[in-house]
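First up is the structure itself, then whatever we jot down about it.
The values are calculated or read from the model by the stated rules, or taken from the named source; none is laboratory data. Keep in mind it's a predicted model, so treat the numbers as computed, not measured. Glycine also receives a Cβ, built like all others from the backbone with ideal geometry; neighbour counts cover every protein chain displayed.
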Amino acid sequence: MSSLIEKAAQRLEQLKRAGAEVPAASPAAVAAAVAAGAVPPPVATTQPAAEAATAPVSYSRSVEIDLDTLAAAGIVSPHAPRSLIADQFRVIKRPLLANAVGKGATPIANGNLIMVTSALPGEGKSFTAINLAMSIATELDYTVMLVDADVARPSVLNRLGLEPSPGLLDLVVNGSFDLSSVLLKTNIEKLTLLPSGTPHPRATELLASDSMTRLLEDIGSRYSDRIIIFDSPPLLLTTESRVLATHMGQIVMVVKADSTLRSDVRSALSTIEDCPVKFVLLNQATTPFKDGYGYGYGYGYGYGYGQQTGT
């Protein structure tokens, strides 16, 4: 009988460690239940109790980006030879990184959340967002997440040669989704992708919801060394980008040289109310250095705090 009581006590302890609710009872009473077959006897196990009680873990899916194809399309590649565009994005990212980690002129809330947008389509915002993320991925002290937040016309995965996948909107709609389950780990060590996800007719309301706010707080604070780049819709085309801008610490607005009207730039900037830092990036500007690196486009760069902007 003593052996049976010892086994019953051992079984009780196993159940408690596994998180099961065990009614108060004497070992003798439990032993009787074991003998009657009401409680299964303890079985030998090599798995620690704490490990047995752990919930299943979601892991990110790995994807392969063709870096040679990207380099041929003018995208910064960590393994490509030095180029003019790579040097330009080294200059572009430096103040953004300083602001992200509190080394700028003034502390910035959510400084590691950076939105790349434009006034209208076709100005190069997605191209800029991808290049900026690729350039930051070469840094030694930072990792980067590229979020395709252009939920109406997502293009990041397509430009990178990848298939559509669940992502941002799915996380906002379904609170049971785990962030790790929709992230895409790439063959670029420090670059992770968050797709736009399943299209939704109420995308604006979703981006303005409390669920979106909580998600952004989680994304922004989960890793202290992570910079998050959002490729957002154009400011004058949809309202999603204006809502998204309220959560950002920094905004880069891409302006196409000899194309975007100054009035459109002013109108687009006026829609951004809360973001403290706004940068303006001049895309496809002529440059005298094209023969040296083989690229026929360049970037001008300016920035401002509050309503003060430059070009």
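Laid out as a table, the results:
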read-out	value
Residue in region 277-284 that is surrounded by fewer than 17 Cβ atoms within 10 Å (Cβ to Cβ), polar (S, T, N, Q) and either assigned by TED's automatic domain parsing to the domain that holds Leu216 or at pLDDT 90 or above (or both) present	no
When residues of region 184-211 are limited to those that are modelled with pLDDT of 90 or more and hydrophobic (A, V, I, L, M, F, W, C), the one nearest to His247 (Cα to Cα)	Leu194
Single condition Thr138 does not satisfy, out of (1) within 25 Å of Gln250 (Cα to Cα); (2) at pLDDT 90 or above; (3) not in a loop (DSSP other than H, G, I, E, B)	(3)
Single match in Asp231, Asp225, Asp218 (criterion: at pLDDT 90 or above, acidic (Asp, Glu) and within 14 Å of the chain's Cα centre (by Cα))	Asp231
Residue in region 250-259 that is surrounded by 14 or more Cβ atoms within 10 Å (Cβ to Cβ), outside any strand (DSSP E or B), out of contact with any Leu (no Cβ under 6 Å at 6 or more places or on another chain) and assigned by TED's automatic domain parsing to the domain that holds Met134 present	no
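Results for (1) touching a residue at least 40 places away in the same chain (Cβ under 8 Å); (2) in contact with a helix residue (DSSP H, G or I) (Cβ under 6 Å, 6 or more places away or on another chain); (3) not assigned by TED's automatic domain parsing to the domain that holds Met115, shown as yes or no for each residue.
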{"site": "Ala137", "(1), (2), (3)": "yes, no, no"}
{"site": "Leu140", "(1), (2), (3)": "no, no, no"}
{"site": "Asp150", "(1), (2), (3)": "yes, no, no"}
{"site": "Gly161", "(1), (2), (3)": "yes, no, no"}
{"site": "Thr186", "(1), (2), (3)": "yes, no, no"}
{"site": "Lys190", "(1), (2), (3)": "yes, no, no"}
{"site": "Thr198", "(1), (2), (3)": "no, yes, no"}
{"site": "Leu215", "(1), (2), (3)": "yes, yes, no"}
{"site": "Glu240", "(1), (2), (3)": "yes, yes, no"}
